[in-house]
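Undergrad: Please find one structure pasted underneath; my questions will follow.
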Amino acid sequence: MPLTKRFRNGRTARLHSGGTARAALAGVLVGVLALSGCSLLGDSGDSPSSGGATAAPQATAGTGQDVPYDVTPLLKPARKYFGAAVPGAPHSMKSVDAYTRMTGKQPNLVEYYAGWGDGFDATGVRNAWAEGALTLMSWEPFDTPLADIAAGKSDAYLKKYATAVRTLNLPVVIDFADEFNGHWEKWGTKDVTPAQYVAAWRHIHQTFVDEGATNVIWAWSPNIVNPVPDVKLKPYYPGDAYVDWVGLIGYFTAGEDNSFDSVFGTTRDRVRTFTEKPILLLETGAMPGERRRADIRNLFAGVAADDDMLGFVWFNHKKRADWRLEASPLALKEFRRLAADDRFGFDVRKPS
């Protein structure tokens, strides 16, 4: 069974034991066709909403200029993302700064959780960007059926949100309805069909495109399949034209083999049967205890060894289990040692 994990305004979601391509830019802007990260029709050929191979002229970040921020250099950078999910961030960066002091390295990817209906946290995105970090928002539709989203019943909210993202004109990662292949989420397998999930995802993506918000990196984020081996992932995949990253969610837990391949390998191999999009460990951690140091070594080594692994986000919260690095001083020391590797971390404002 999953462990209770995330929270938003007093809510809890679930933690499993193991959890845009760029759309064609809508129109000619200031006399220039600005294109972002992926192929024009998408690798799967199932949508006209993808961007192209030509890089966009870069707008000044956050100025609201007509040309959307070109996320292409951030899609698969030379070095790995060194991410963290910490309390209060990115609206306040105090906990990120504390995490930096603790681990010896500045996170360059900051994840937070928002409910469907929440406003866009432009202040938080600016705060993270000012410290060289990209913001990753996990958008969770607790109270709105995915079928209603696909049918356009939330379009007023969705268009307003997309417009706010476009107006800010900084790159943002959006992960919608993660862990959809688990039964523990309200948008999971007990309540939502693959067709409903795909329809909602595509509708959201297309709405952002229509509003000109191509400064988004879209992360499709299944739970690792270990606890739900019979749920097929491919039917839930929106298509390469709608996805930039595959964001795996999985944890090193007690009582299970802790090799990197044991935790993530099966899911990675299944994903590779239908897409070659790069993979981010969008949410991970290791339970405290004697084995945590070994788990951390396996995490860093596994990510470093795979060119298609973009990096990881450490879930540094105490929710049911204590995933915080500070809960295990010896493991923290090991994490700090490995984080010093120059392959991890870079200033997202200067990715190359």
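The values are calculated or read from the model by the stated rules, or taken from the named source; none is laboratory data. Note that the structure is a prediction, hence the values are computed from the model and not measured. Don't worry about glycine lacking a Cβ; one is built from the backbone with ideal geometry, like all the others, and counts go over all protein chains shown. Surface accessibility is based on the protein's heavy atoms, side chains included, excluding ligands, DNA and RNA. Shrake-Rupley method; radii C 1.70, N 1.55, O 1.52, S 1.80 Å.
Undergrad: Which ones in the range 229-252 are surrounded by 20 or more Cβ atoms within 10 Å (Cβ to Cβ) and over 16 Å from V313 (Cα atoms)?
TA: L233, Y236, Y237, P238, G239, D240, A241, Y242, V243, D244
Undergrad: Now, a different point. Could you please find all residues in the range 301-335 being open to solvent by 30 Å² or more (accessible area, probe 1.4 Å) and closer than 20 Å to P278 by Cα?
TA: A301, A305, D306, D307, D308, listed by residue number.
Undergrad: OK, next. Restricting to the range 283-332, what's the tally of residues that are assigned to a loop (DSSP other than H, G, I, E, B) and under 19 Å from E256 (Cα atoms)? So that I can check it myself, show each step before the final result.
TA: Taking the range 283-332 first, the residues assigned to a loop (DSSP other than H, G, I, E, B) are 285, 287-291, 306-308, 316-317, 320, 323-324, 328.
Next cut, under 19 Å from E256 (Cα atoms) only: 285, 287-291, 320, 323.
So the count comes out to 8.
Undergrad: Another question, if that's okay. Please work out which residue is farthest from A89 (Cα to Cα), limiting yourself to the range 269-296 and to residues that are touching a Leu at 6+ places or on another chain (Cβ under 7 Å) and open to solvent by 40 Å² or more (accessible area, probe 1.4 Å).
TA: The extreme case among them is R270.
Undergrad: Restricting attention to the range 106-119, does a residue exist that is closer than 22 Å to L75 by Cβ, open to solvent by 10 Å² or more (accessible area, probe 1.4 Å) and at pLDDT 95 or above? Give the steps one after another, and end with the answer.
TA: Of the residues in the range 106-119, the ones closer than 22 Å to L75 by Cβ are 106-112.
Next, only the ones that are open to solvent by 10 Å² or more (accessible area, probe 1.4 Å) stay: 106, 112.
Next, from what is left, pick out any that are at pLDDT 95 or above: 106, 112.
Yes, the range 106-119 contains at least one residue that is closer than 22 Å to L75 by Cβ, open to solvent by 10 Å² or more (accessible area, probe 1.4 Å) and at pLDDT 95 or above.
Undergrad: Enumerate the pairs (first residue in the range 260-276 and closer than 14 Å to V243 by Cα; second residue anywhere and open to solvent by 60 Å² or more (accessible area, probe 1.4 Å) and not in a loop (DSSP other than H, G, I, E, B)) with beta-carbon separation below 8 Å, excluding pairs fewer than 6 apart on the same chain, so at least 6 apart or on different chains.
TA: Hits for this filter: F274/K234.
Undergrad: Moving on to the next point. Among the residues of the range 180-198, are any of a type outside the set (K, R), in contact with a helix residue (DSSP H, G or I) (Cβ under 8 Å, 6 or more places away or on another chain), open to solvent by less than 10 Å² (accessible area, probe 1.4 Å) and over 16 Å from W116 (Cα atoms)?
TA: Yes - at least one qualifying residue is present in the range 180-198.
Undergrad: Of the conditions (1) out of contact with any strand residue (DSSP E or B) (no Cβ under 7 Å at 6 or more places or on another chain); (2) open to solvent by less than 40 Å² (accessible area, probe 1.4 Å), H203 clears all except one; give me its number.
TA: Going through the list (1) out of contact with any strand residue (DSSP E or B) (no Cβ under 7 Å at 6 or more places or on another chain); (2) open to solvent by less than 40 Å² (accessible area, probe 1.4 Å), H203 breaks only (2).
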